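The values are calculated or read from the model by the stated rules, or taken from the named source; none is laboratory data. Predicted model, so just to flag it, every value in this text is computed and none were measured. As a convention, Cβ positions derive from the backbone with ideal geometry for all residues, glycine included, and neighbour counts pool all protein chains shown. Note: accessible area is taken over every heavy atom of the protein model, side chains too, but ligands, DNA and RNA are not part of it. Shrake-Rupley method; radii C 1.70, N 1.55, O 1.52, S 1.80 Å.
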Amino acid sequence: MRLTVVSAGLSTPSSTRLLGDRLAQSVTDELAARDHLLSTEVVELRELAGDIASHLVTGFPPPRLSAAIDTVTNADGLAVVTPVFAASYSGLFKSFFDVIDPDVLTGKPVLIAATGGTARHSLVLEHAVRPLFAYLRAVVVPTAVFAASEDWGSGGDAYTDALPGRVRRAGAELAALMETRPAGGGPEDDVAALERGLADLRFD
């Protein structure tokens, strides 16, 4: 199976990319425990910013952008991670999905995640990112992962799961959907697969 991580981080190193890597490892570990092999590719949007802008004004994707779109199109599952800008996803993140044929994501399993300076931005995932992928008819796993600055190296508190726990939960949900998703199935098949896969999940 193939997992594609889409990272909209702007710096190097980037906490956005780091979160994407941890999510990919979680999915890999979960599928390995079920005797499945997973290959992972990362699409770094920072490297494609000029190509995305060119495609928006010309309608023709440069070769690097075309290859990135193919990587997303051919993936069995996506983990998408954006930094929070002005209480929403970044413009670069939105622009990339604007240049992809919306039908490509129909029924595709997607794990959504974001990074920000404070936990006060965490609802961006529910009021901006999840609706975007619902509009694109993707199948978004229930657990969204937000990582604030204080989450890195934190054990969490009595009221919220620590970041590693949220990463494991979300990774397990995406792995369950990818495992049960029928090859070439339609969105209705994917919803049924999600229900079957998540019904088997147990968390302590």
Q.
I'd like to check one number: the per residue accessible area of segment 13-157, probe 1.4 Å, reported in Å² as a whole number.
A. 45
Q) How would you order 34-45, 81-92 from highest to lowest mean count of nearby Cβ atoms within 10 Å? A) 81-92, 34-45
Q: Quick one: what are the phi-derived ³J(HN,Hα) couplings along segment 68-73, Karplus 6.51/-1.76/1.60 with θ = phi - 60°, whole Hz, x for glycine and proline?
A: 5, 4, 4, 4, 5, 4
**Q.** Gap separating the Cα centres of segment 74-120 and segment 5-66, nearest whole Å
**A.** 10
Q. Using a ≥ b ≥ c from the Cα gyration tensor of segment 1-98 (square roots of the eigenvalues), is it rounded, prolate or oblate, where a/c under 1.5 gives rounded and otherwise the larger of a/b and b/c decides, a/b for prolate?
A. oblate
(Q) 5 Å is the cut-off here: which amide hydrogens, built 1.01 Å from N in the peptide plane, fall below it relative to A114, excluding neighbours closer than 5 in sequence? (A) T82, V145, F146, A147
Q | Projected area, mean over directions - segment 2-197, Cα convex hull, nm² | A | 11.0
